[in-house]
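Notes follow once the structure below has been shown.
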Amino acid sequence: MNAPILEVAGLGKRFGGFVALEGIDLTVAKGERLGLIGPNGSGKSTLVNCICGTLTNETGSVTFDGQDLAGMLTHERTRLGMARSFQLPRPFASMTVADNIRVPLLYAVNARRGSKLTEAQIGDHCGELLRLVGLADRMRHYPRDLTQVDMRKLELARAMAVEPKLLIADEAMAGLSGSEVHDIVSLLITLNERGVTVILIEHIMSAVMRFSQRLVVLVSGKKIADGNPDDVIRDPEVERAYLGQ
Amino acid sequence: MRSGTFLIVAAVIGAVIFAIARVIDNEYVFFAGYTVLQYVVLATAWNILGGYTGYVNFGSAAFFAVGAYSTVFLHKLFPMPVPVLVIVAAVVSGLVGLGMGYLTLRLRGAFFAIATLALAVVLQTLVVNWNYVGGSRGAYVIRPQTIELFGSYIQYLFFIMLVLAIVALATARAIERSALGYGFATIRDDELAAEASGVPTLKLKLVATTLSGAFMGMAGAPFPYYIGFLQPQSAFGLEYAVNSIAMPMIGGTATWVGPLVGALLLGTLQQVATVTISSAVNLLLVGILLVVFVIVAPNGLVGLVKSAFASKAGRKK
Amino acid sequence: MEGGNEYDMSLDLLVSALIAGLLLGGFYAAVTVGISISFGILDIVNIAHPAFIILGSYIAYILNISLGIDPILSGIIVLPAFYALGALVYQVYYLSFEKRGKEALTGLAFFFGLLFITEVLLILVFGVDYRYVQAAYIDQSFGRFLQSWGAPEGALPALIADLPMRMLVPCVMSLVMFGVLLTIIKRTFIGRAIMAVAQDQLALQLMSASPVRIKRIAFAISIATAAMAGAFLIIIQPVEPSVGREYIGRVFAICVLGGLGSLTGTIIGAMLLGVVESITATFYGPSWAPAVSFGLLLLTLAFRPAGLLGRR
């Protein structure tokens, strides 16, 4: 049996009087492809931020690969093998595309391995990752010169450079054309086939259905469905709360 | 150019500068030169924190004064050679930088900037009320007339500041090219994304404040000997705060070259202006230049030169 | 018996320090409210605010010596000019920094430059001597002042009659100014738009109000308050160009202590700071006073950055 890579238990988060998340239980198995959907404001990004440590949850726990993450800073969680891409791409604007990839190699991978990658190895890894996402010919470009879809590819490549066990892709496809969406989904599936567990947070239903092996629905800070994608979207409560909108 | 080679080249250039100054044989050159070199160190130190990581320090005078007053304190207690005083100042100022960073760096950059202002005033008040180092009345630090090997003492101080400037520049350059430099740049660009990429932002910020504070303190350590009579108003003077910011911002904050260019240009300009016009007008000019550059050329002189080259290269294609 | 007297004296000192502190706090609130708007609400770190205040003080000084105008009156007279100045400064700030998204480093340097230039210009024009204003009531106590208007002697308890006018007037006027501002914020469209722009620029755009225009108005208001605060300042104490820098710490300490974005928090923070400073000055000497506000600021930032009533 696969031990779960991620276990979220009873997670709760409030902002002042506003309850953003309440009693979230979520278990993600190793190598799974999980889809997470929900209307705007349902708490998806808040959940991601709590899992990654950007925000601190008041109640509940997050366990990653058997380790309780309470009190751990974001960069420590990244070093354990948890990577995320941001909803709005946040590249390092003063560096080239290649250097953007270099940073996680220098900081996350080096720390985890305990031994430093050589300059040649870093160059190889950078090249390989950029080829994988299709940005190899943009190596020396700056993020401001990239198209929307290229920025999102860079965002994913940077997350992959962490050599993650788990990748959380937060709305990586918003605003992209049909074929671009298809490319990104294929990319994520390729990653998954290499052994990376992927949580996909998305609004684009075609992408979600094609990608997910399991689907979780969040509405108003609570989980209302969790299971086989085809069953979940036919669940009347889900239809009412989400798809009906 | 590797860091070791750079150090050697810089040392050679420094030796040449010193030799030329000796040949000119005018004490004023050493006095003025000391001030310009002091600003090279201050500007470079400021830039390690401000330019590389993006955290603005308004209280450079505080760290400078910590260095100066640790010298005064030790001078009264147990006179030591200046190089030792410099090391002591580095440690004390570095610790102050570390402490301040620890208290405030978990907050936004704006709060850090305000806290640095607060720090300068708190430290000045402490010094003003501390009679052992002279309080508001000031402290006399008698400068020896001569010293073996150098002749006049001011040449010796000039030499020390020259060495400090070389070390500061070499350190800044080495940081830029290292993993540390990349880490600093990510903090400046996007701290959230930096954390998500595995960069320990708090730890790196503390490294930056400690280093920056230490160098500023080192620049302040020989100051009491230079000036002979140290008062809090002069140690905590506004000119240190504004110049530490103006010189890197006018020169260019992206690399080690900017603070050097800014310090050499503005430092020399001010030496000339202070003598010919007045020190108040000279400071006014610095302030105006700062505001103008920040609006019109935020990447500084180095940035202007770079984009001039880039557009030339673009046109060639 | 001697022990009893000392106790009485200390208590007396404490009470008068407390009252002086509260009066001072009222004034500090006027000084700070501009920053509460520009930093607390608009998120602009205008560290040059004290420079505008000192400018207001010097203008009041000039109008007072040349034309004999009461400082508070001159504050009101120059309000429109300061409003226009604020709008201009914001426009430069917006075009140079906010629009380019580079507010952090360069924006701060910009305001620091403004602060610095103002101080040096004032030194060049006025020199470093202290300047003060003359007005009939400034040297009087409240009781004396009322008497000059025909009130009978001994009508008020000594505690109130002895209040110095030079502290009382600025405190009262600043609370009046605060009242006006709070009314604007709560009752007018502009006021509510200003509070809204801090929270959700998109919603504001959808309401077809331009966020930039709203912010400009808000910033202009914040600088206009500096005109009044400057007038209050020169009534309370003589000014010289570097006085502005002492107030940077106070202003941000109060803002942070009271909680960013909360105008009522500003008043509470100001009173608190005024009292602590006054007590420190009374019992430990005035040379420690600057350290108080800045020390308080450092402590608050380190341990409770949201302040007492903060919304963040």
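Of note:
- Given charges at Cβ of Lys, Arg, Asp, Glu: the protein assembly as shown dipole, positive-most of C:Pro238, B:Ala118, A:Thr74: A:Thr74
- Rg and Dmax [Cα atoms of region B:216-317; Å; Rg one decimal, Dmax integer]: 16.4, 60
- Neighbour counting of Cβ atoms within 10 Å sorts the residues A:Asp183, C:Asp12, fewest neighbours leading, into C:Asp12, A:Asp183.
- Beta-bridge orientation, the protein assembly as shown: approximately 60 percent antiparallel, per DSSP, counting only bridges with both partners inside.
- Among C:Leu23, C:Leu105, C:Leu122, the residue with the largest mean-square fluctuation in a Gaussian network model of chain C, with springs joining Cα atoms closer than 10 Å, is C:Leu105.
- Simple point charges give the picture: +1 on the Cβ of Lys and Arg, -1 on the Cβ of Asp and Glu, and for region B:3-316 a dipole about the Cα centre of about 400 debye.
- Taking every DSSP helix (H) stretch of at least 4 residues in chain C, weighting each as -39,500 (n - 2.57) and dividing the sum by the residue count yields a mean residue ellipticity at 222 nm of -24500 deg cm²/dmol.
- The P(r) of region C:1-100 has a tail past 18 Å containing 65 percent of all C-alpha pairs.
- If only the Cβ of Lys and Arg carry +1 and only the Cβ of Asp and Glu carry -1, the dipole of chain C around its Cα centre is close to 1560 debye.
- Convex hull volume per residue for chain C, taking Cα atoms only, in Å³: 151 Å³
- Projected label distance in nm at B:Arg108 and B:Asn129, using a 7 Å step from Cα toward the beta-carbon: 3.2 nm
- Its residue count N fixes a reference of 2.2 N^0.38 Å for region B:3-316, and the Cα radius of gyration divided by that reference is 0.99.
- Distances between placed amide hydrogens fall under 5 Å for A:Ile168 paired with A:Ala83, A:Arg84, A:Ser85, A:Ile199, all partners being 5 or more residues away or on another chain.
- Residue exposure sequence - B:Trp46, B:Trp130 - by fewest surrounding Cβ within 10 Å: B:Trp130, B:Trp46
- Amide H to amide H distances under 5 Å link A:Val219 with A:Ile224, where only residues 5 or more positions off or on other chains count and H is placed in the peptide plane.
- Placing a pseudo-label 7 Å from each Cα along the Cα-to-Cβ vector at B:Ser152 and B:Glu27 gives an inter-label distance of 0.5 nm.
- In terms of other Cβ atoms within 10 Å, B:Tyr132, A:Tyr107, C:Tyr28, C:Tyr94 run from fewest to most in the order B:Tyr132, C:Tyr94, A:Tyr107, C:Tyr28.
- Solvent-free Debye calculation, one equal scatterer per alpha-carbon of region C:219-300: log10 I(q)/I(0) at 0.15 Å⁻¹ equals -0.58.
- Inverse mean reciprocal Cα-Cα distance (Kirkwood Rh) of region A:83-122, Å: 11.3 Å
- Candidates A:Ala161, A:His203, A:Val185 compared by Cα position along the dipole of region A:116-210: farthest toward the positive end lies A:Ala161, with charges placed on Cβ.
- In region B:235-272, the chymotrypsin sites (Phe, Trp or Tyr not before Pro) that fall in loop regions by DSSP, at most 16 other Cβ within 10 Å: none
- Cα Rg, Dmax (largest Cα-Cα span) when computed across chain A, Å: 17.8, 55
- Bins of 10 Å, starting at 0 and running to the largest distance - Cα pair percent for region B:94-201: 11, 22, 30, 22, 13, 2
- Gaussian network model of chain C, Cα within-10 Å springs - most flexible of C:Phe112, C:Phe252, C:Phe189: C:Phe189
- Here each label is just a point 7 Å from Cα along the line to Cβ, and for A:Thr147 and C:Thr264 those points are 5.5 nm apart.
- Highest-MSF residue in chain C out of C:Ile35, C:Ile65, C:Ile268 [GNM, Cα springs under 10 Å]: C:Ile65
- For B:Val91 and B:Ser278, the FRET efficiency from 1/(1 + (r/R0)^6), where r spans their Cβ atoms and R0 equals 35 Å, is about 0.40.
- The fraction of Cα-Cα pairs per 10 angstrom bin, counted from 0 for the protein assembly as shown, comes to 2, 11, 19, 21, 19, 14, 8, 4, 1, 0 percent, rounded to whole percents.
- Given +1 at the Cβ of Lys and Arg, -1 at the Cβ of Asp and Glu and no other charges, the dipole of the protein assembly as shown around its Cα centre is 1860 debye to the nearest 20.
- Its Kirkwood hydrodynamic radius, worked out from the mean inverse distance over all distinct Cα pairs, puts region A:1-114 at 15.6 Å.
- Taking only the C-alpha atoms of region A:120-231, Rg followed by Dmax gives 15.2, 49 Å.
- Based on the reciprocal of the average 1/r between different C-alpha atoms, the Kirkwood radius for region A:146-208 equals 11.8 Å.
- Ranking B:Phe236, B:Ile17, B:Val207 by Cα position along the charge dipole of region B:3-316, where only Lys, Arg, Asp and Glu carry charges on their C-beta atoms, puts B:Val207 farthest toward the positive end.
Each reported figure results from applying straightforward, stated rules to the coordinates on display, with no laboratory input. Note that the coordinates shown come from a computational prediction; the quantities given were computed from them, not determined experimentally. Positions of Cβ are generated from backbone atoms using ideal geometry, with glycine treated the same way; all protein chains shown enter the neighbour counts.
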